[in-house]
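Taking it in order: structure first as structure tokens, then the write-up.
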Amino acid sequence: MNNYFHKKPYIYKTEHKNLIAIRYRSKTIYNFLKHYLTWNGKKVYSIKLQSLKLSPEFLKGFIRGYFDCDGYSYKDNRKVVMMGVSSEMLHQIYDIVQKLGFCPIYSVYKEKRKNMHDLHKVILKGLEAERFIQFISPNNCIRIRKWGCRDSNFRSF
């Protein structure tokens with residue numbers, strides 16, 4: 001993002017929730033995202049790609065980025081999970097992964113708590129998961145991608 005848009009992010013680290021937030025304030029970046037994404041109301045629940053009629057290279061890069069942010073792998077890359085609360089986005093992720101030649105599983109964790117939303121998951125297992133990792137070449141190292149393994153050595157900008 002720094003190189004492409006010539007913008008540096010605001011980085012916030014909170015001790016309270018062990019969270020690092022990266023924020024950009026840029027109309028250029030907003031318009032770029034709006035070109036490819038759409039949402040109604042709260043983004044996190046309704047965000048989706050405007051179209052799946054995009055090049056295979058774009059779709060591969062999109063899946064890599066989504067996996068780097070909202071995915072994880074474990075058991076030596078024998079299981080890959082991408083997740084989110086936007087059912088439309090995760091259905092699109094499922095379709096994209098299929099278009100790229102993989103056989104994903106779609107799953108929904110039904111949330112019991114009233115203040116929480118259901119969690120949608122796209123899962124790849126076994127050799128499919130290993131092949132997927134090799135195909136997309138994630139940007140985040142395995143240590144960072146593993147669910148719950150973000151530690152004080154997390155790289156910063």
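The values are calculated or read from the model by the stated rules, or taken from the named source; none is laboratory data. Note that the structure is predicted; figures quoted are calculated from it, not measured. Methodologically, a virtual Cβ is constructed for each residue, glycine included, from the backbone with ideal geometry; neighbour enumeration extends over all protein chains shown.
Descriptive notes on the structure:
- Taking the stretch 90-131 as the range and being of a type in the set (F, W, Y) and either in contact with a Lys or Arg (Cβ under 8 Å, 6 or more places away or on another chain) or surrounded by fewer than 16 Cβ atoms within 10 Å (Cβ to Cβ) (or both) as the test, the residues that pass are F102, Y106, Y109.
- Of all residues making up the stretch 51-93, the number that are within 15 Å of I136 (Cβ to Cβ) and under 14 Å from the mean Cα position of the chain (by Cα): 19
- Qualifying positions in the stretch 101-141 - over 15 Å from the mean Cα position of the chain (by Cα), hydrophobic (A, V, I, L, M, F, W, C) and modelled with pLDDT under 90: M116
- Where strands (runs of 3 or more DSSP E) fall entirely within the stretch 9-92, those with at least 1 residues that are polar (S, T, N, Q) are at 10-14, 71-74.
- Filter result for I22 (loosely packed, with under 13 Cβ neighbours inside 10 Å and of a type in the set (A, V, I, L, M, F, W, C)): yes
- Taking the stretch 105-138 as the range and being closer than 23 Å to S46 by Cβ and either part of a loop (DSSP other than H, G, I, E, B) or of a type in the set (D, E) (or both) as the test, the residues that pass are K110, E111, K112, R113, K114, N115, M116, H117, D118.
- Residue match in the stretch 105-116 (condition: touching a residue at least 40 places away in the same chain (Cβ under 8 Å) and out of contact with any His (no Cβ under 6 Å at 6 or more places or on another chain)): no
- Pair list, Cβ under 8 Å, 6 or more apart: the stretch 55-70 residue in contact (Cβ under 8 Å) with a residue 40 or more places away in the chain and more than 16 Å from I123 (Cα to Cα), other residue of a type in the set (K, R) and part of a helix (DSSP H, G or I): P56/K99; L59/K99
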